[in-house]
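I have placed the structure first, in the form of structure tokens, so that the comments after it can refer back to it.
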Amino acid sequence: MSAVRCKRNRLRTYLMNRCRTFYLLAWITLSCGIAFAQISTPDDRYKADILVVVAHPDDDTIVSSYLARGVFDQHKRVAVVYCTRGDSGSNSTGRERAKALGLVREIEGRKALSRLGITNVWYLDGRDTASQDVLLSLATWPSASVLEQVVRIVRLTRPEVVFTWLPGSVAGENHGDHQAAGVTATEAFDMAGNPTMFPSQLVAPIRQFENAFEGLTPWQPQKLYYFTDAFDTAFFKGHGPEYDGNQTSPSRKVTYLQLAAQSAAAYYTQLPDPNIGKRIENGDVSAAAIADMEKAGYLPEPVRLWLGKSHVESGATEDVFQGLSSTPIVFAPVSPVPAESEGKLAVQFGGPFGFYRNFWRAHELKSLETLRPEIAVEPRDTLTIPVVIANSNNTPVEVTVAAELPSGWSASPISPVSVFPHSQSTVLLRAIAPSQLSEKFAEIKLRADSQGKILFQDSVFVQVSAYVAGQVK
Ligand SMILES: [Zn+2]
């Protein structure tokens, strides 16, 4: 071997050793998490002014003319969360149903929102559950996982304002998933600023390749607004602002309603006829084309909101952005008032009606406490109304529950129930609706007595309607 080759070999060996040492040190550094660049600021691309939390792809159409105004003319950043993919919906375009339909509807939602300039869109793990029972939706979603995900998205997007469905039972579509989205968004609104809730989301990452700790920070949104799928939204008047979709967008030179129609046209599967959407996509945003959308239940006019909560000074009917602080506000924990009827023998509605009264109190939704128990059923359908009797006495108590039914309604009498000491029982009134449609509310009166004393008197107000999402059975 020549002296030159020998020298080259020594050089090559030296360089290989240097490389090995470099890679070894790099591997040790990455594996042990020693000294990696940690960014201390959140990703501003995901900051939102408004976070919309809804149940299904197409729920956005209830407020989309307002969102068009916010995005195009007020330069607001909007993010949207769908708690389900709408996998139990119908399909007027193809044969795909269930989870396959969920995949189709996910794309429809992304298309619709992209037409409003909204691209920060997330789909969660809730299963589309067609009924009017919020508790059934929360049971099947699963609700704990969806809540954790919504809290994460609030902390990620740091919205000033949250929009969601009314957490309440109304005569209307009254979809249980809509209500569950409203319940979950309200819980997330009250939780996201609390550092003890889902704390692993808030831990700073300790490794370069982190898969547990998320590096988020607590976030308290400032205002919470609701919208509704009630047949008649007049009861929202005075509780929040209204927005006229017939106003013309200064930047787009068409009305907000037309912009919303172009967005909603993407929902082929959910329109009664996909040609309604195709016609608008082909440029026809005439009043007739928009009327077809409205008949499908889309694009209500005006957009009516209900101010559920505000942590800044703002009148209920003032603009959504009125009174907002330009800097983050501190965590505003709820301090609920205890239940009023904490006697030895307490009777109240069970099911959604009873749940909502407790929920509104627990989340300090004082304005919602004015809502009466309402629902719509189809002709000849059975409406089940649970009544819960809680006995805190040391002796058993016999309670009689009776109903006073409006004309045309029928029900079997309820047998008296004996409630054990320190226990509770639920009795069910199964009331059968008449065969005639009626827009007028019928009042079903319930009363509970024990030993000649009235324990409970309350009413449920019911419409008999041609279409509802399902029944509380
Ligand atoms: Zn829906």
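Structure values in brief
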quantity: Ranked list, fewest to most other Cβ atoms within 10 Å of each Cβ, for E301, E404, E374; calculated: E404, E301, E374
quantity: Sequence of I414, I276 once ranked by neighbouring C-beta atoms within 10 Å, starting from the fewest; calculated: I414, I276
quantity: Sites N275 and V417, calculated FRET efficiency, Cβ-Cβ separation with R0 60 Å, nearest 0.05; calculated: 0.60
quantity: Between 0 and 90°, nearest 10: helix 3-32 axis offset from the chain longest Cα axis; calculated: 20
quantity: Gained length - S114 relative to E313, 0.36 nm times residue gap less alpha-carbon distance; calculated: 68.3 nm
quantity: Kirkwood Rh in Å, taken over the chain so that all alpha-carbon pairs contribute; calculated: 25.1
quantity: Neighbour-count ranking [beta-carbon atoms within 10 angstrom, fewest first] of W165, W360, W306; calculated: W360, W306, W165
quantity: Label zone at L405 (point 7 Å along Cα-to-Cβ), backbone N below 13 Å, the range 351-389; calculated: 380-385
quantity: Listed peptides 322-328, 83-89 by packing density, highest first (mean Cβ within 10 Å); calculated: 83-89, 322-328
quantity: Alpha carbon centroid spacing (whole Å) that separates the range 263-277 from the range 310-384; calculated: 34
quantity: For the range 44-49, 3J(HN,Hα) per residue [Karplus equation, 6.51 cos²θ - 1.76 cosθ + 1.60, θ = phi - 60°, Hz, x = Gly/Pro]; calculated: 5, 5, 9, 5, 10, 7
quantity: P(r), alpha carbons of the range 345-464 - 5 Å bins starting at zero, rounded %; calculated: 2, 11, 20, 20, 18, 15, 9, 4, 1, 0
quantity: Near-label residues of the range 407-436 by backbone N, under 15 Å of a point 7 Å along Cα→Cβ of E398; calculated: 414-420
quantity: Nearest 10 degrees, 0 to 90: helix 143-157 Cα axis against the chain principal axis; calculated: 50
quantity: The chain - mean residue ellipticity at 222 nm from DSSP helices (-39,500 (n - 2.57) per run, n ≥ 4, rounded to 500); calculated: -8500 deg cm²/dmol
quantity: Extension gain (nm, one decimal) between L437 and T196, 0.36 nm per residue minus Cα-Cα; calculated: 81.7 nm
quantity: Rh by Kirkwood over Cα pairs, then Stokes-Einstein D for the range 252-356 at 1.306 mPa s and 10 °C, µm²/s; calculated: 86
quantity: Potential extension, T217-T426 segment - 0.36 nm per residue separation minus Cα distance; calculated: 71.0 nm
quantity: Three-way shape label, the range 68-165, alpha-carbon gyration tensor, a/c 1.5; calculated: oblate
quantity: Cα long-axis angle, helix 351-362 against the chain (0 to 90 degrees, to the nearest 10); calculated: 60
quantity: Reach of K295 by Cα under 19 Å, taken over lysines that are not fewer than 8 positions away in the same chain; calculated: K278
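Every number in this text was worked out from the coordinates using simple rules, so none of it is lab data. Model, not experiment: these values are computed from the prediction. Note that each Cβ is placed from the backbone with ideal geometry, even for glycine, and that neighbours are counted across all protein chains shown.
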